[in-house]
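Since the structure comes first, as structure tokens, the remarks are kept for the end.
We did not get these values from a lab; they are worked out from the coordinates using the rules stated. As the structure is a prediction and not an experimental result, all values here were calculated from the model. Every residue, glycine among them, receives a Cβ derived from its backbone with ideal geometry; neighbour counts consider all protein chains shown.
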Amino acid sequence: MDSREKPGGSNLYEGCIPSKIYLHQAQLLLDTPNAHTMGIHFPKATINLQQLRAGKDQIVDSLANNLHQLSTQRGIQVIQGKVFFENATTLRLKDSEIAQLQFKHVIIATGSVPLIFPGTTPSTDSKIIYSTGALNPRVIPEKLLIIGGGYTGLELGTIYAAFGSTVHLAEKQQDLLPGVDKDLSQPLKRKLPELFARIMVHTTVNKITEHKDSVQVELQTPEGVTTESYDRVLVTIGRRPASAELGLENTGVKRNEDGFIQTNPQQQTTAANIFAVGDVTNGIMLTHTAIREGRIAAEVIAGLPAAYDVRAVPNILYTSPQIAWCGLTEREAVEQHIPVIILKHPWKYSARAKIIGSTAGLTKVIVSQADGRILGAGICGRRAEELISEWVLAIELGALAEDIELCLHGYPTLAEASGDAAEMFSCPAKVSIQQTTHSEGANK
């Protein structure tokens, strides 16, 4: 059941898929100026916004149609309508051909919605926009402020900077991406000043005032209070679960103080016949984790033994360069007093990275000091989104660094860096080695 005519949810229509479509186009625009170093020159790119949106809509519609066809082929009935729980076994539907539905089990996968900046009201006509509006742009603003320097803010900022906007970014923390490994985030942080005209950390937005032709923003910076004028302001300060209007108070399903539905490893809520998956639960807000959780819930309902026990969740930041990581991080190893060896292979030694102009990249591996087992890995650079999968598989299978080392990696490829990084564990004399040991009770 979904309020839309076809399945797909916010991920397909106004989230992950539209953003990655635009990020692909943005990367093309960012790459073309570099071609002049090899004697290839392009005229200045122009953007037809109507065609850009139409192209995005075509891809989204195609994927939605595919989901609808798969649902039909697998005997899944798709019901359009808005859902409200009357009790733990009954749904009331609005804007639907069905008024009421009895169920034995149900899976809630309503996702999340953007957090709203205090004192503002989202509107299609407003110059204060959120991710949904940013991914369905009516104009490319000349001057854009992004509030929030997390994944969403940096990805959308990359898009708009590539499309021609002068982008300013305000982040209240003292650094961008504080939760991301510093070795992985540093190449991106060095690149961002080339994309964004201004990056303001340790900066709080006190007030936003929308006028007819501009948006006035009062900023509290370390130097004091200042007021700036922008054509658009994009708010990316987080998301909240879409759980408030479901009628869960009628079911026995408990939510925490932020509205997230509480679940156990089988994805069951406090009402045993009601399950919840994805952003609406208090877990990692990633589509692939939601898909796994949905499968677990379905298996449990079918009477099969299942629980969420993923050891290596791939986290991916689709910026330029990309960042991806999985498993244990260096910081977590130190905090948990796990003796590990840290292996780092800079991409400046990669032939393929040199060919494509991505030598600022890095492959980093966290290896158990005791037995050489791979505990975590991270990559910064082109195609990190794809390269991380090898490390996800290695961690889930309990592979050793030697196992990755002995796997042949094609030459010249970016994947070679994975084999080279793993080889450092048994061959510390390699010229590219950057090795650190974290032993229990001591850091070397």
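Given H placed 1.01 Å from N in the peptide plane, which residues other than close sequence neighbours of residue 232 have an amide H under 5 Å from its amide H?
143, 145
May I ask for the Kirkwood hydrodynamic radius of the stretch 177-220, worked out over all distinct Cα pairs and given in angstroms to one decimal?
Computed over Cα pairs of the stretch 177-220, the Kirkwood hydrodynamic radius comes out at 13.0 Å.
Considering only the chain, what is the antiparallel percent among its DSSP beta bridges, to the nearest 5?
If we restrict to bridges inside the chain, about 75 percent are antiparallel.
From the backbone phi of the stretch 15-20, what are the Karplus-calculated ³J(HN,Hα) couplings (6.51 cos²θ - 1.76 cosθ + 1.60, θ = phi - 60°) in whole Hz, Gly and Pro given as x?
Whole-Hz 3J(HN,Hα) from phi for the stretch 15-20: x, 4, 5, x, 5, 6.
Whose amide H sits under 5 Å from the amide H of residue 86, counting only residues 5 or more places off or on another chain, with H placed in the peptide plane?
Placed amide hydrogens put 91, 92 under 5 Å from residue 86.
Tell me, what is the FRET efficiency for residue 100 and residue 58 to the nearest 0.05, using R0 = 35 angstrom and their Cβ-Cβ distance as r?
0.40
Calculate the radius of gyration of the Cα atoms of the stretch 128-237 to one decimal place, then report Dmax, the largest Cα-Cα distance, as a whole number, both in Å.
Values for the stretch 128-237 (Cα only, Rg and Dmax): 13.4, 44 Å.
Quick one: grab the alpha carbon gyration tensor of the stretch 114-168, order the square roots of its eigenvalues as a ≥ b ≥ c, and give me rounded if a/c is under 1.5, else prolate or oblate depending on whether a/b is larger than b/c.
oblate
R0 = 60 Å: FRET efficiency of residue 126 with residue 397, Cβ-based, nearest 0.05?
Once the sixth-power term is evaluated, E becomes 0.75.
Would you order 368, 243 from fewest to most other beta-carbon atoms within 10 Å of each residue's own beta-carbon?
368, 243
Please give, to one decimal in nm, the separation of the simple spin-label points placed at residue 351 and residue 78, each 7 Å out from Cα toward the Cβ.
4.8 nm
Using a/c under 1.5 as the rounded threshold, could you call the stretch 315-443 rounded, prolate or oblate? The axes a ≥ b ≥ c are square roots of the C-alpha gyration tensor eigenvalues, and prolate needs a/b larger than b/c, oblate otherwise.
Because a/c hits 1.5 or more and a/b exceeds b/c, the stretch 315-443 counts as prolate.
Rounded, prolate or oblate, given the Cα gyration tensor of the chain, with a/c below 1.5 counting as rounded?
On the way: a/c = 1.65, a/b = 1.15, b/c = 1.43.
Oblate is the answer for the chain, as a/c is 1.5 or above yet b/c matches or exceeds a/b.
Provide the per-residue ³J(HN,Hα) series for the stretch 67-75, in order, calculated from phi with Karplus coefficients 6.51, -1.76, 1.60 and θ = phi - 60°, each as a whole number of Hz, with x at glycine and proline positions.
Result, ordered by residue: 5, 5, 5, 5, 4, 5, 4, 9, x Hz.
Got a sec? Which residues in the stretch 159-194 would a label at residue 214 touch, if it sits 7 Å along Cα→Cβ and we count backbone N under 19 Å?
165-170
Sticking with the crude label model, points 7 Å out along Cα→Cβ, report the distance from residue 202 to residue 67 in nm, one decimal please.
4.3 nm
Most exposed first by the Cβ proxy, i.e. fewest other Cβ within 10 Å, how do 379, 79, 129, 237 rank?
With the sparsest Cβ surroundings first, the list reads 79, 237, 129, 379.
Considering the dipole of the stretch 150-308 built from charges on the beta carbon (Lys and Arg +1, Asp and Glu -1) around the Cα centre, which of 204, 247, 221 is farthest to its positive end?
Checked the options; the winner is 247.
Non-local amide H neighbours of residue 399 (under 5 Å, H modeled in plane, Pro and chain starts lacking H): which ones?
Counting only residues 5 or more places away or on other chains, the set is 374.
³J(HN,Hα) across the stretch 400-405 via Karplus (A = 6.51, B = -1.76, C = 1.60, θ = phi - 60°), whole Hz, x for Gly/Pro?
In residue order, the calculated couplings are 8, 4, 5, 4, 5, 4 Hz.
Among 38, 424, 285, which comes first, then next, by fewest other beta-carbon atoms within 10 Å? Write down the numbers at each step before the final one.
Values: 38 8, 424 23, 285 17.
Ascending Cβ contact count within 10 Å gives the list 38, 285, 424.
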